[in-house]
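The values are calculated or read from the model by the stated rules, or taken from the named source; none is laboratory data. Computed from a predicted model, the values in this text were never measured in an experiment. Neighbour counts are summed over all protein chains in view; Cβ atoms, including those assigned to glycine, are modelled from backbone coordinates with ideal geometry. In case anyone asks, the SASA skips ligands and DNA or RNA and just uses the protein heavy atoms, side chains included. Shrake-Rupley method; radii C 1.70, N 1.55, O 1.52, S 1.80 Å.
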Amino acid sequence: MFIQTQDTPNPNSLKFIPGRQVLESRTMDFSTPAAAFCSPLARQLFRIEGVKSVFFGPDFITVTKVSEDWDWNLLKPDIYATIMDFFASGLPVVTEEAPRTDTAASEDDDEVVLMIKELLDTRIRPTVQEDGGDVIYKGFEDGIVHLKLQGSCTNCPSSIITLKNGIQNMLQFYIPEVEGVEQVVDDEDGVEKEANST
């Protein structure tokens with residue numbers, strides 16, 4: 001198995017491309033070792049000292065290190081070995097059904113929400129996934145779209161630019177009802193929102 005790496009806009013995140021499918025068509029974000037209960041691969045990656053979070057895309061794995069003090073040249077060999085050993089074992093990447101975090105349409109969605117979700121799925125998420133991350137729809141209220149950034153986008157210095165210049169501008173261009181975008185950040189005490197709208 002030959003694993004390629006690709007830099008992401010976040011210097012603390014690196015995208016590992018194993019040359020095979022990781023997840024079928026969705027993404028999964030593991031921000032803590034406890035969140036990795038349903039994935040043997042994520043649990044193994046968290047055992048590597050210096051790994052802060054793990055993110056799975058359809059054909060890639062994004063690993064985020066604890067801080068810039070950790071050298072990728074020291075972390076990469078352990079990450080490569082863990083990924084290769086895992087795929088050689090034949091174990092499933094995910095063993096238990098984890099909650100879906102996609103933007104699938106629901107019968108409760110009105111026309112504006114359906115348009116937001118369609119734009120996210122067709123234009124925005126594929127671009128963000130190229131950089132080793134993802135955007136998850138969390139809601140639309142009073143003209144504000146609530147989104148959660150995952151993978152390399154979490155704590156990325158350019159995530160505000162991604163939200164404002166990329167996602168917000170595109171949503172506002174196609175959907176006049178959108179007045180702004182707010183990032184939803186999960187923490188251990190609940191959900192906290194960072195205002196990123198204008």
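Structure data summary
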item: Criterion: in contact with a strand residue (DSSP E or B) (Cβ under 8 Å, 6 or more places away or on another chain), open to solvent by less than 70 Å² (accessible area, probe 1.4 Å), modelled with pLDDT of 90 or more and under 23 Å from Ala35 (Cα atoms) - qualifying residue of Val135, Val63; result: Val63
item: Every pair of residues 6+ apart whose Cβ atoms lie under 8 Å, when the first sits in segment 106-119 and is among the hydrophobic types (A, V, I, L, M, F, W, C) while the second is in a helix (DSSP H, G or I); result: Met115/Tyr174; Ile116/Leu171; Leu119/Met170; Leu119/Leu171; Leu119/Tyr174
item: Given (1) within 20 Å of the chain's Cα centre (by Cα); (2) surrounded by fewer than 14 Cβ atoms within 10 Å (Cβ to Cβ); (3) modelled with pLDDT of 90 or more, index of the condition Asp69 fails; result: (1)
item: Flag if Leu149 is out of contact with any Phe, Trp or Tyr (no Cβ under 7 Å at 6 or more places or on another chain), crowded, with 17+ Cβ neighbours inside 10 Å and more than 22 Å from Phe60 (Cβ to Cβ); result: no
item: Cβ-Cβ under 6 Å pairs, at least 6 apart or on other chains, segment 167-193 side within 21 Å of Thr154 (Cα to Cα), far side among the acidic types (Asp, Glu) and at pLDDT 50 or above; result: Lys193/Glu182
item: Hits in segment 125-157 - residues which are outside any strand (DSSP E or B) and within 17 Å of Glu179 (Cα to Cα); result: Asp142, Gly143
item: Single condition Ala34 does not satisfy, out of (1) assigned to a helix (DSSP H, G or I); (2) free of Cβ contacts under 8 Å to residues at least 40 places away in the same chain; (3) buried (at least 16 other Cβ atoms within 10 Å of the Cβ); result: (3)
